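To start, the structure under review is shown below, and the notes come after it.
None of the figures in this text is laboratory data; all of them are computed from the coordinates on show. Here the structure is a predicted model, which is why all the values come from computation and not from measurement. Note: ideal-geometry Cβ built from the backbone for every residue, glycine included; neighbour counts use all protein chains shown.
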Amino acid sequence: MINPLLFCPSVRDIPEVKATWEAIPYDKYVVKKRLEPRAYQDGRNCFLKNKEYTHLVVCPDDLDIDKDSFNQLLWDIEEYDYPALAGIANLDEDRPTVYCCMAQKFCNYNEDHTPATKGAWYSSIKETFLPSEPIFRVGFAGFACQFIRRDLMEKVSFEGSCNGGTGCMDWKFAQECDKLGIPQMVDQRAFFYHRRTTQYDEVRAWKNGEHRPDEGEEYFIKAN
């Protein structure tokens, strides 16, 4: 039986995002007010310790977790048992038809960050068109409500690859999946709206060291 744990690293409080969490009837583990390296290690450690959960699902604090899209991914996992599966999300609010996933041919895993090549990102109208099939393999999935199976979580570091290891957590995950020979799959029927620039001043404040790294907290939100 599939029993996912939603992992929500959060330095922001976006009401629209938090409202979508409430519609998902599974446990959530929220790490508040901690920078990514600490937050992601907290999430990984919690998941590995609590063995009743089968998958960790990365739900960033700027991503609306649409219930129907979540259920689509859940069905895919139950049907195909993918080790790593995500939906798709807009790159940001200004580019709603450009998605934060890309084909393997654009991914140079020796680099410490995602490529900036024009046309690397999948798109619905130009640049790199989405494939015709609903589920396809990507080189980078961008943690768009990404399901990660327990055996894979035991092998990956959940660390960053850029800025001295403090950023690019999703790119490091892609690098490690490539090294392990693990395919990252995406279902384009599962769309999640990405509010990347919302409350971004708060993100900058944390990155600029304006908050103490020990003032955060972590807690469970149990499903009813």
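Of the residues in region 89-124, how many are more than 15 Å from W171 (Cβ to Cβ) and in contact with a helix residue (DSSP H, G or I) (Cβ under 9 Å, 6 or more places away or on another chain)?
Adding up the residues that qualify gives 1.
On the phi < 0 side of the Ramachandran plot, within 14 Å of the chain's Cα centre (by Cα) and in contact (Cβ under 8 Å) with a residue 24 or more places away in the chain, is that true of A23?
Considered against the rule, which asks whether it is on the phi < 0 side of the Ramachandran plot, within 14 Å of the chain's Cα centre (by Cα) and in contact (Cβ under 8 Å) with a residue 24 or more places away in the chain, A23 comes out as no.
Could you list all residues from region 125-152 that are over 24 Å from N71 (Cβ atoms) and out of contact with any helix residue (DSSP H, G or I) (no Cβ under 7 Å at 6 or more places or on another chain)?
I125, K126, E127, T128, F129
Provide a single number: the residues in region 84-133 that are within 19 Å of R189 (Cβ to Cβ), part of a loop (DSSP other than H, G, I, E, B) and touching a strand residue (DSSP E or B) at 6+ places or on another chain (Cβ under 9 Å).
Qualifying residue count for the region: 6.
Those residues that are touching an Asp or Glu at 6+ places or on another chain (Cβ under 8 Å) and of a type in the set (V, I, T), I need them from region 9-50; list them, please.
V11, I14, V17, T20, V30, V31, listed by residue number.
With the condition kept exactly as written, say whether any residue in region 174-193 is of a type in the set (S, T, N, Q), surrounded by fewer than 15 Cβ atoms within 10 Å (Cβ to Cβ) and either over 30 Å from L130 (Cβ atoms) or in contact with a Ser or Thr (Cβ under 8 Å, 6 or more places away or on another chain) (or both).
No.
Looking at region 155-188, which of its residues are assigned to a loop (DSSP other than H, G, I, E, B) and touching a Phe, Trp or Tyr at 6+ places or on another chain (Cβ under 9 Å)?
Those that are assigned to a loop (DSSP other than H, G, I, E, B) and touching a Phe, Trp or Tyr at 6+ places or on another chain (Cβ under 9 Å): V156, S157, F158, E159, G160, S161, P183.
Taking only region 121-149 into account, find how many residues are crowded, with 19+ Cβ neighbours inside 10 Å and among the aliphatic types (A, V, I, L, M).
Qualifying residue count for the region: 4.
Which residues, counting only those in region 186-201, are closer than 12 Å to T20 by Cβ and among the basic types (K, R)?
Across region 186-201, the qualifying residue is only R195.
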